Amino acid sequence: MFLLSRFRRPARLQEEALKDCVVRIACLYALVPGLLLAGCDVDPGPVIDAGGPVGLAERDLLFTAGGLMMIVVIPVFVLAFWFVWCYRAGKGASYMPNWSYSGRIDAVIWLVPSLIVVAVASLVWIYSYKLDPYRSNKDHG
Amino acid sequence: MMGRITLDAIPFYSAIAMGGALITVFGGLVVIAIVTWYRAWGYLWRNWLTSLDHKRIGIMYIALALIMLMRGFIDAIMMRMPLFTWTALVTAVLMVFAFPALTVAAALLGLDRLLGMHFFTNAAGGNMMNYANLFWMWGHPEVYILILPAFGIYSEVVATFSGKRLFGYPSLVYATAVIGVLSFTVWLHHFFTMGASANVNAFFGMMTMIIAVPTGVKIYDWLFTMFRGRIRLMSPMYWTIGFIVTFVIGGVTGVLLAIPPVDYLMHNTTFLVAHFHNMLIPGALFGYLAGYMFWFPKATGFQLDEKWGKRAFWAWIIGFYLAFMPLYILGFMGMPRRMEHYHVASWQPWLLVAELGAIIVLVGIICLIVQFIVSVRNREAFRDKTGDPWDGRTLEWATTSPPAPYNFAVIPEVDDRDAFMAIKNKDVMRARKDEYAPIVMPDNSGAGAIMGGLAFVFGFAMVWYIWWLAIASFAVILGIVVVRAFNDRDLHVLSSREVAEIETHASKGVIK
């Protein structure tokens, strides 16, 4: 979202439209903890509620990688609803039919996912060896 | 003395053309200077340019091809193709390189079955996993063959209905090409539990997650195409927005499954089933439904009913979430896929929710059928007389709906990415002439359909050992290939009078 602030124009109408969007997004976020809690009273199952050290390590890896990816995924949800809401026809928001490139946005959308993949790939490299089921006993020392 | 050449022919007006030309000219001068410096002109003439040695001719062809390739990059003529055209091109390349693996797998399997060989059985030195390897060496590029054209459709739809140029077009093109290349480096993630070493698993896991980068870039490019647009929420756009939001969930679960230790946990659970449905239903199917509703008027001359299209969307998206999100949870609870029956009580509530979702998806399918019937019935009211029902940006919308058999009577000149939008903005009327050149058209041919049908018969006969039928169907297939290959009269010509007639009808908007 910080990216978009530089495109904001001082037009009053649009400021209001933006505020409107922010409030709505905040409401959406407020719903999230409720949804998460709703999952607590069910049987968590053998993956989440792992017993042994290998199962626990695998589960933690799952959570870490999933958490890292939220950096890319949550903005997608927010931007998708925000843009559709704010820029639908008849809303009178600003219109730039020929705007089709921004070096900064391009850099961020290539670099951020790349960095996350570098991070997760490092985990893959380390843990594929650590948790290799065919590793012989003498390696475990 | 100089014919038509003047100083105006030098492209001072275009930095790119001028730069390309200067690099070419100076590059040529440098080469000439080097050859002269080494006094190699005689050697070049005697041993290379006039040589009949096929090895040397081959080397010169390669050098020429490389030069033409560089020239192609300077021209960058392909960078004005619509994105759907790009994805179709990359898909075609994938098909050329991926399908041989399936052909080989099928041939070896045939030898195993029919001649008692042991490529894929563990007896006599064979290995079952060879089949899995060959199958997925085709199978993984194949899922990109499924999804890349859908990515192209989303690109066209999102630009058209946002009334805006596609954001990050070069990124989208390169991302498509990168996905095409990487799709051949990931197949082993389908069987991390095969027993390969940690080295092998880690390599394929990492390659798999690298694909998430260009795909993520595409998602953001579509989002920023909507930014500062004027979004018309028609049915093709509904499918596209539903895709963007839902597809990223499948992307996350895909990267999770690409981590080999995590895959050891989740392999063959319903988590995996949920993941690939999450990719192919919102990813590919929604795309084809968007394309169906987008191009239906172009192909048939009348639009599809919007109301039923949107109903179908809502049923599909709600049904999808209800049917497949519980499968992710069931995967965490350890439910394997492909179960005949189960007696774990805690799975039951989630499976009931999934069943409800499946029923809602069925409602979505019914809505699509109703939409089709309603639209055909009301086709007069839905008739597209303009040829451009969505305020389109690319050239297909410059033709009538449906287009003339030859598409364009006069080949349009393209100097912008959204060629039709550029024409509309310049306020130039569609090129209409009194005289048209005759157009050569290919004849219809039943050969493809008949050969396809006979290939099915051949396969069926081979599976069930019906030898006479196998021999007969194969002989007929061969015969058709030979007859077709020797048929030199497979073209017909539309005379300029016929072309003019079709064009006049088209301009009055009364084409059938």
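The values are calculated or read from the model by the stated rules, or taken from the named source; none is laboratory data. Remember, predicted model here, so these are calculated numbers, not experimental data. Note: ideal-geometry Cβ built from the backbone for every residue, glycine included; neighbour counts use all protein chains shown.
Go through the range B:226-247 residue by residue and tally those that are among the aliphatic types (A, V, I, L, M) and more than 24 Å from A:Tyr101 (Cα to Cα).
Counting residues in the range B:226-247 that are among the aliphatic types (A, V, I, L, M) and more than 24 Å from A:Tyr101 (Cα to Cα) gives 1.
Taking only pairs six or more apart or across chains, which ones have beta-carbon atoms under 7 Å, a first residue in the range B:423-448 that is at pLDDT 85 or above, and a second residue that is among the aromatic types (Phe, Trp, Tyr)?
As it stands, the answer is B:Ile439/B:Tyr406; B:Met441/B:Tyr406, since those pairs meet every condition given.
Go through B:Ala315, B:Ala290 for me and flag whichever is more than 26 Å from A:Leu68 (Cβ to Cβ), modelled with pLDDT of 95 or more, in a helix (DSSP H, G or I) and more than 26 Å from the chain's Cα centre (by Cα). Quick ask: steps written out before the conclusion?
Details: B:Ala290 fails: more than 26 Å from the chain's Cα centre (by Cα).
After applying the criteria, what remains is B:Ala315.
What's the number of the only condition in (1) within 15 Å of the chain's Cα centre (by Cα); (2) facing chain B (nearest Cβ under 8 Å); (3) crowded, with 21+ Cβ neighbours inside 10 Å that A:Tyr127 fails to meet?
With respect to (1) within 15 Å of the chain's Cα centre (by Cα); (2) facing chain B (nearest Cβ under 8 Å); (3) crowded, with 21+ Cβ neighbours inside 10 Å, A:Tyr127 is out only on (1).
Tell me which residues, restricted to the range B:1-25, are exposed (fewer than 12 other Cβ atoms within 10 Å of the Cβ) and under 28 Å from B:Ile57 (Cβ atoms).
From the range B:1-25, those exposed (fewer than 12 other Cβ atoms within 10 Å of the Cβ) are B:1-10, B:12-16, B:22, B:25; that's our starting set.
Selection gives B:Val25 alone.
Please determine, by comparing only the residues of the range A:104-114 that are at the interface with chain B (Cβ under 7 Å from one of its Cβ atoms) and closer than 27 Å to B:Ala258 by Cα, which one is surrounded by the fewest Cβ atoms within 10 Å (Cβ to Cβ).
Among those that are at the interface with chain B (Cβ under 7 Å from one of its Cβ atoms) and closer than 27 Å to B:Ala258 by Cα, it is A:Ser114.
Starting from the range B:340-353, keep only residues that are within 9 Å of another protein chain (Cβ to nearest Cβ), then list their pairs with residues that are polar (S, T, N, Q) and assigned to a helix (DSSP H, G or I) whose Cβ atoms are within a distance under 7 Å, requiring at least 6 positions of separation or different chains.
none
Given the structure, is B:Leu166 in contact (Cβ under 8 Å) with a residue 12 or more places away in the chain, of a type in the set (A, V, I, L, M) and either over 30 Å from A:Tyr87 (Cα atoms) or in a helix (DSSP H, G or I) (or both)? Walk me through how you get there before you give the answer.
Values: in contact (Cβ under 8 Å) with a residue 12 or more places away in the chain: yes; of a type in the set (A, V, I, L, M): yes; either over 30 Å from A:Tyr87 (Cα atoms) or in a helix (DSSP H, G or I) (or both): no.
In short, no.
If you check B:Val457, B:Val493, B:Val481, which single one turns out to be surrounded by 13 or more Cβ atoms within 10 Å (Cβ to Cβ) and modelled with pLDDT of 90 or more?
After applying the criteria, what remains is B:Val457.
In this structure, is B:Thr185 more than 9 Å from chain A (Cβ to nearest Cβ), surrounded by 22 or more Cβ atoms within 10 Å (Cβ to Cβ), among the polar types (S, T, N, Q) and touching a helix residue (DSSP H, G or I) at 6+ places or on another chain (Cβ under 9 Å)?
no
Here is a yes/no grid of residues against (1) within 18 Å of the chain's Cα centre (by Cα); (2) modelled with pLDDT of 95 or more; (3) more than 9 Å from chain A (Cβ to nearest Cβ):
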{"site": "B:Met194", "(1), (2), (3)": "no, no, yes"}
{"site": "B:Ile219", "(1), (2), (3)": "yes, yes, no"}
{"site": "B:Ser235", "(1), (2), (3)": "no, yes, yes"}
{"site": "B:Ile249", "(1), (2), (3)": "no, yes, no"}
{"site": "B:Leu257", "(1), (2), (3)": "no, yes, yes"}
{"site": "B:Tyr264", "(1), (2), (3)": "no, no, no"}
{"site": "B:Met279", "(1), (2), (3)": "yes, yes, yes"}
{"site": "B:Ala284", "(1), (2), (3)": "yes, yes, yes"}
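Within the range A:89-103, identify whether any single residue is surrounded by fewer than 15 Cβ atoms within 10 Å (Cβ to Cβ), on the phi > 0 side of the Ramachandran plot, at pLDDT below 90 and more than 7 Å from chain B (Cβ to nearest Cβ), and answer yes or no.
yes
Considering each of B:Phe224, B:Phe203 in turn, give the residue that is at the interface with chain A (Cβ under 7 Å from one of its Cβ atoms), free of Cβ contacts under 8 Å to residues at least 60 places away in the same chain and either under 17 Å from A:Trp125 (Cα atoms) or surrounded by 23 or more Cβ atoms within 10 Å (Cβ to Cβ) (or both).
B:Phe224
Among the candidates A:Val72, A:Val117, A:Val84, A:Val76, single out the residue that is facing chain B (nearest Cβ under 7 Å), over 14 Å from B:Val217 (Cα atoms) and either modelled with pLDDT of 95 or more or touching a helix residue (DSSP H, G or I) at 6+ places or on another chain (Cβ under 8 Å) (or both).
Selected residue: A:Val84, the only one of A:Val72, A:Val117, A:Val84, A:Val76 that is facing chain B (nearest Cβ under 7 Å), over 14 Å from B:Val217 (Cα atoms) and either modelled with pLDDT of 95 or more or touching a helix residue (DSSP H, G or I) at 6+ places or on another chain (Cβ under 8 Å) (or both).
Would you be able to say whether some residue in the range B:290-300 is within 14 Å of chain A (Cβ to nearest Cβ), buried (at least 23 other Cβ atoms within 10 Å of the Cβ), without any contact (Cβ under 8 Å) to a residue 60 or more places away in the chain and not small (Gly, Ala, Ser)?
So the first thing to find is which residues in the range B:290-300 are within 14 Å of chain A (Cβ to nearest Cβ), and the list is none.
Taking every residue of the range B:290-300 in turn, none turns out to be within 14 Å of chain A (Cβ to nearest Cβ), buried (at least 23 other Cβ atoms within 10 Å of the Cβ), without any contact (Cβ under 8 Å) to a residue 60 or more places away in the chain and not small (Gly, Ala, Ser).
One residue is enough: does the range B:362-371 have a residue meeting the conditions in contact (Cβ under 8 Å) with a residue 40 or more places away in the chain, crowded, with 18+ Cβ neighbours inside 10 Å and out of contact with any helix residue (DSSP H, G or I) (no Cβ under 9 Å at 6 or more places or on another chain)?
no
In the range B:54-98, which residue that is in contact with a Pro (Cβ under 9 Å, 6 or more places away or on another chain) and over 19 Å from B:Val173 (Cα atoms) is modelled with the highest pLDDT?
B:Ala98
Considering only the range B:253-278, how many residues are part of a helix (DSSP H, G or I) and crowded, with 20+ Cβ neighbours inside 10 Å?
Number satisfying all stated conditions: 17.
Assess whether B:Ala124 counts as being on the phi > 0 side of the Ramachandran plot and part of a helix (DSSP H, G or I).
Against the criterion (on the phi > 0 side of the Ramachandran plot and part of a helix (DSSP H, G or I)), B:Ala124 qualifies.
Within the range B:50-62, which residues are more than 41 Å from the chain's Cα centre (by Cα) and surrounded by 10 or more Cβ atoms within 10 Å (Cβ to Cβ)?
B:Ser51, B:Asp53
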